[in-house]
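Some notes on the structure that comes next.
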Amino acid sequence: MDLWSLEPVALAAELDVLRADVRAFLAEELSAGRIASHCDQWLGGWDHAFSRRLGERGWIGMAFPARYGGSAAGALARFVVTEELLAAGAPVAAHWIADRQSGPGLLKFGTDEQKRAFLPGIARGECFFAAGMSEPDTGSDLASVRTRGSRVEGGWRLSGTKVWASGAHRAHAMITLARTEPRTADRHAGLTQFIVELPDPAVRIRPILLLTGEHHFNEVVLDDVFVPDARVLGEPGSGWHQVTSELAMERSGPERVLSTFPLLALAMDHLAEHGDRASAARIGAVVGRMWALRQLSLAVAGRLEAGAAPAVEAAVVKDLGTRFESVVIDTVRLLSQVVPDPGSGERLSRMLAESILHSPGFTLRGGTNEILRGVVAKELGVR
């Protein structure tokens, strides 16, 4: 990998206009009380109606062509929209996975029938997806998949268990990685992706609650689920190539840097009134680090816009970005001297508590940082 291939990206002037439109829309949504600002809303902020309002404006499926319901605006336009949504702490979890990775995966590997069946609904903010990758007792080692896909007349039978399936209890479908050929020395061979439509009587979904008590993650048990041939995504046996392409989109986005941005913005207002020169310098260093990480994430978006699949570069973004999110929490806690309280009427106290309670997942979801560093080290030839 040559990280210097991540060239800086300059956003076109028309994207400034788009940013202003999104910002004005969000200000109206917040002032009207239709949404409320929280941290980590791409994970836990599930709001069907808000997703539909975004879809009406063409702000979901921005990389989809018009014939599949998208706006064909591209990855950089989507980057601008998602930055503003994250900065405002808007509730985007309902459509997030479908828009970020499932839809682009369907667009790249799906049949025309699959694209027509799902992409327009995703773009409207009405069709939601979950990701069926991780499994119990395997950590971030995706190649150790034990969910089995067996060939039967007219399709396949899937059996196994997936964990950390975000929003599966509300999703309309889950793209599921399964082993369809016997394991060989090449652990990445013989894997296939399937579109499992939900609900299904052979699929049991059990909640995995966050520390806050929120229900976002799930354990999904596939008990001899029938999936027709028409719902195989891509070619049987090509699942590893497909899923690594998907991970480039999952790991590189601005959500890996901006989950705690609403907290940072509130803290800056607080410190402007109550802080001193030393606290201003400390918070300035955090903002500078955030901007550098934002530029790195934007550079990966530029590669995606060009049709590349920068999976290793995305791993760098995810590692650095999710560690930074905890730096924001620690810095705000130290400088503001605010007591975190999830039930507080003070926004800074409440948002600090929310961020602390969500923080254990920052470096885990999307692949643990230790695994990602191993991916980077292997690419650099030092492992």
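Going through the range 188-221 one residue at a time, which ones are of a type outside the set (V, I, T), assigned to a strand (DSSP E or B), over 22 Å from T111 (Cβ atoms) and in contact with a strand residue (DSSP E or B) (Cβ under 7 Å, 6 or more places away or on another chain)? R204, R206, P207, L209, H215, F217, N218, E219 - these are the residues of the range 188-221 that are of a type outside the set (V, I, T), assigned to a strand (DSSP E or B), over 22 Å from T111 (Cβ atoms) and in contact with a strand residue (DSSP E or B) (Cβ under 7 Å, 6 or more places away or on another chain).
Here's the yes/no breakdown for (1) under 27 Å from A131 (Cα atoms); (2) among the β-branched types (V, I, T); (3) at pLDDT 95 or above; (4) in contact with a Pro (Cβ under 9 Å, 6 or more places away or on another chain):
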residue: G288; (1), (2), (3), (4): no, no, yes, no
residue: S297; (1), (2), (3), (4): yes, no, no, yes
residue: A308; (1), (2), (3), (4): yes, no, no, no
residue: E325; (1), (2), (3), (4): yes, no, no, no
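Checking each residue in the range 28-85 for being assigned to a loop (DSSP other than H, G, I, E, B), touching a Phe, Trp or Tyr at 6+ places or on another chain (Cβ under 9 Å) and acidic (D, E) picks out only D40. Restricting A72, A20, A88, A13 to those that are within 21 Å of the chain's Cα centre (by Cα) and open to solvent by 50 Å² or more (accessible area, probe 1.4 Å) reduces the list to A72. Here D99 meets each of (1) in contact (Cβ under 8 Å) with a residue 40 or more places away in the chain; (2) assigned to a helix (DSSP H, G or I); (3) under 27 Å from A36 (Cα atoms) with one exception, condition (1).
When you check S279 against the structure, is it closer than 20 Å to V80 by Cβ, open to solvent by less than 30 Å² (accessible area, probe 1.4 Å) and at pLDDT 90 or above, yes or no? It is false that S279 is closer than 20 Å to V80 by Cβ, open to solvent by less than 30 Å² (accessible area, probe 1.4 Å) and at pLDDT 90 or above. Only residues that are surrounded by 14 or more Cβ atoms within 10 Å (Cβ to Cβ) and on the phi > 0 side of the Ramachandran plot were counted across the range 322-375, and they come to 2. For beta carbons closer than 7 Å, sequence separation of 6+ or different chains, a first residue in the range 309-323 that is in contact (Cβ under 8 Å) with a residue 24 or more places away in the chain and outside the structural domain of G105 (by TED's automatic domain parsing) and a second that is of a type in the set (G, A, S) and part of a loop (DSSP other than H, G, I, E, B), the qualifying pairs are K318/G366; K318/G367.
I'd like to check something: does the range 32-55 contain any residue that is within 19 Å of R231 (Cα to Cα), touching a strand residue (DSSP E or B) at 6+ places or on another chain (Cβ under 7 Å) and open to solvent by 20 Å² or more (accessible area, probe 1.4 Å)? Scanning the range 32-55, I find no residue that is within 19 Å of R231 (Cα to Cα), touching a strand residue (DSSP E or B) at 6+ places or on another chain (Cβ under 7 Å) and open to solvent by 20 Å² or more (accessible area, probe 1.4 Å), so the answer is no.
Select from the range 325-381 the residues that are hydrophobic (A, V, I, L, M, F, W, C) and under 18 Å from the mean Cα position of the chain (by Cα) and list them in ascending order. Residues satisfying the conditions are F362, L364, I371, L372. In this structure, is S344 in a loop (DSSP other than H, G, I, E, B), assigned by TED's automatic domain parsing to the domain that holds E313, more than 22 Å from L247 (Cα to Cα) and hydroxyl-bearing (S, T, Y)? Answer is yes for this residue. On the stretch given as the range 3-27, residues that are assigned to a helix (DSSP H, G or I) and not aromatic (F, W, Y) total 16.
Here is a yes/no grid of residues against (1) modelled with pLDDT of 95 or more; (2) under 25 Å from I60 (Cβ atoms); (3) not assigned by TED's automatic domain parsing to the domain that holds W42:
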position	(1), (2), (3)
R116	yes, yes, no
T138	no, no, yes
V145	no, no, yes
R157	yes, no, yes
H169	yes, yes, yes
T176	yes, yes, yes
T180	yes, no, yes
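For the range 118-138, the tally of residues that are in contact with a strand residue (DSSP E or B) (Cβ under 9 Å, 6 or more places away or on another chain) and in a helix (DSSP H, G or I) stands at 2.
Give the residues of the range 225-244 that are assigned to a strand (DSSP E or B) and open to solvent by 10 Å² or more (accessible area, probe 1.4 Å), sorted by residue number.
First, the residues of the range 225-244 that are assigned to a strand (DSSP E or B): 225-228, 232-233, 238.
Scanning the range 225-244 gives F226, P228, V232, S238.
The values are calculated or read from the model by the stated rules, or taken from the named source; none is laboratory data. In this text the structure is predicted, and so the values were computed from the model without any measurement. Every residue, glycine as well, gets a Cβ built from its backbone with ideal geometry; the counts of neighbours run over all protein chains shown. The accessibility values were calculated without ligands, DNA or RNA, using every heavy atom of the protein model including side chains. Shrake-Rupley method; radii C 1.70, N 1.55, O 1.52, S 1.80 Å.
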